[in-house]
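Scroll down for the structure; my scribbles are underneath it.
Coordinate-derived values only; no laboratory data. These figures come from a predicted structure and were not determined experimentally. Here the Cβ positions follow ideal geometry from the backbone for every residue, glycine too, while neighbour counts run over all protein chains shown.
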Ligand SMILES: [Zn+2]
């Protein structure tokens, strides 16, 4: 949850609101920011989902608000881990990720048994969002 900024200081992840087109608010987006030079960048694991969401809004979006954590498992886990804390704690996030993967795998087995293709596709997407860095065993 930390990386080194080009200025040499340590960037940490915070949940921020992203404003798109001056009208659309996307809350709870994980963003790396640097305390020294205020450089910021989107947490790499969520970048494709964020650009996907923005892509769906089109050229002339109407005024609306999204909770990014409803779209992305990483944002969801970070939101859960910051409850009661100021900054996401890496160990806690890793534990939440393991629990979440177990939970999603259980649901996936149920979806397979029911033959629910739409549910399977949704769970598959969620699993691929968070398991990118972690090897499933
Ligand atoms: Zn910096």
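Quick look at the values:
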read-out: Over the range 2-131: Rg over Rh, Cα atoms, Kirkwood Rh; value: 1.02
read-out: Estimated FRET transfer efficiency when R0 is 41 angstrom, pair residue 4-residue 102 (beta carbons, to 0.05); value: 0.80
read-out: Gaussian network model of the chain, Cα within-10 Å springs - most flexible of 76, 124, 28; value: 124
read-out: In range of the label at residue 27: residues from the range 44-68 whose backbone nitrogen is under 17 Å from the point 7 Å along Cα→Cβ; value: 63-68
read-out: Tail weight of P(r) past 18 Å, computed on alpha-carbon pairs of the range 29-87, percent; value: 45 percent
read-out: Highest-fluctuation residue, 116, 49, 27 considered, GNM on the chain with Cα pairs under 10 Å; value: 116
read-out: Crossing angle, helix 117-131 versus the chain [Cα axis fit, 0-90 degrees, rounded to tens]; value: 40 degrees
read-out: Helix-only CD estimate at 222 nm, as mean residue ellipticity for the chain, using -39500 (n - 2.57) per DSSP H run (n ≥ 4); value: -14500 deg cm²/dmol
read-out: Helix 47-57 axis, angle to the chain major axis (alpha carbon atoms, nearest 10°); value: 90 degrees
read-out: Listed residues 113, 126, 95, most fluctuating in the chain (Gaussian network, C-alpha, under 10 Å); value: 113
